[in-house]
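Data first, discussion second: the structure below is written as structure tokens.
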Amino acid sequence: MSAIPLESSVEAAAGRAPASGATPRPGASHAAPLAPRARLLPALAAVYRAQLSRARVARIPLLFVATFQSVGIMILMRGVVDGGSEARSVVAGSSVLVVAFVALNLLAQYFGRLRADGGLDHYATLPVPPASVVLGTAAAYASFTVPGTFVTAVFGCVLFGLPMAHLWILAAVIPLAGAALSGLGAALGLLAPRQELATLFGQLGMSAALLLGVLPASRMPGPIAYARDLLPSTYGVEAFARGFDAHPDWALIGLDLGVCAAVGVVSLAVAAWAYRRAAVR
């Protein structure tokens with residue numbers, strides 16, 4: 001009977017080749033190397049496509065509700081606001097409210113439910129960076145807001161007699177305000193200790209976007225106006241509202257969009273951290 005050297009057994013168990021001159025044991029298997037971790041951008045694209053395909057049918061009715069809600073608010077405000085800067089604020093705020101309804105409210109509910117049902121365990125087993133899960137899901141939800149936001153903006157321009165020459169600003173407002181609100185919604189859903197609280201936080205956030213974004217700033221009390229500056233969607237509303245001017249101040253519009261972009265980066269980073277924290281608990 002031949003003895004197998006101890007070094008050969010350890011090397012085989014560690015997945016390494018036996019030392020020179022050692023005879024491997026018949027039938028011994030070597031540990032297979034793990035697959036490399038997916039890169040951020042390909043993983044983000046995969047999560048985005050999966051979420052977009054999964055939620056396409058389920059989110060269309062909710063998008064209709066968000067658009068109908070914003071259109072109804074503008075019709076109600078038509079009896080109070082005649083035109084001028086206040087009409088611009090109403091139209092801009094109602095348009096961005098569609099983004100807030102989907103990106104903030106629904107995303108908070110989605111991640112809150114995902115955490116409560118154990119759905120995060122599925123994503124935790126995938127070899128994808130946590131940021132790709134948050135960014136891909138947020139981008140998919142924000143994509144659903146594009147048709148409703150444009151429909152609301154066009155309807156508001158017709159209702160209040162506003163020019164449509166610079167509606168293309170929405171092409172920048174939607175992704176930047178959507179990123180800021182999506183990151184906030186995802187963070188609220190992931191950090192809430194209970195699913196019901198995630199739903200509550202999402203509803204409160206959307207209500208804040210409604211009250212502070214749609215109502216003209218000139219009619220708000222001083223403390224409420226300061227609170228308005230803390231809401232990320234406010235800067236998207238301001239950027240869109242400035243586009244209705246005959247000669248828009250592009251520097252201020254760029255500054256407002258820059259604030260949205262900065263808040264979006266921070267909120268999405270917080271959401272990615274909250275995802276990692278929730279996935280390992």
(request) Just order 150-158, 182-190 by mean Cβ neighbour count inside 10 Å, highest at the front, would you? (result) 182-190, 150-158
(message) Can you find, among 193, 171, 209, the residue sitting farthest towards the positive end of the charge dipole of segment 158-272, where Lys and Arg contribute +1 and Asp and Glu -1 at Cβ?
(response) 193
(request) Order these peptides, 236-243, 122-129, 171-178, by their mean beta-carbon neighbour count within 10 angstrom, highest first. (result) 236-243, 171-178, 122-129
(request) Counting only heavy atoms of the protein chains, get the accessible area per residue of segment 168-220 (1.4 Å probe) and round it to a whole Å² value. (result) 41 Å²
(message) Given bins 10 angstrom wide, list per bin the percent of all Cα-Cα distances in segment 188-281, short to long.
(response) 15, 35, 33, 14, 4, 0
(message) For a quick check of your reading of the filter: which chymotrypsin sites (Phe, Trp or Tyr not before Pro) in segment 40-118 sit in a DSSP loop and have no more than 14 other Cβ atoms within 10 Å?
(response) none
(message) Per residue, how large is the accessible surface of segment 40-114? Use a 1.4 angstrom probe and give square angstrom.
(response) 43 Å²
(message) Taking all protein chains in place and a 1.4 Å probe, what share, in percent, of the accessible surface of segment 51-149 do carbon and sulfur account for?
(response) 65 percent
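The values are calculated or read from the model by the stated rules, or taken from the named source; none is laboratory data. This structure is a prediction, so every number in the text was calculated from the model and none was measured. Every residue, glycine as well, gets a Cβ built from its backbone with ideal geometry; the counts of neighbours run over all protein chains shown. Only protein heavy atoms, including side chains, enter the accessible area calculation; ligands, DNA and RNA are left aside. Shrake-Rupley method; radii C 1.70, N 1.55, O 1.52, S 1.80 Å.
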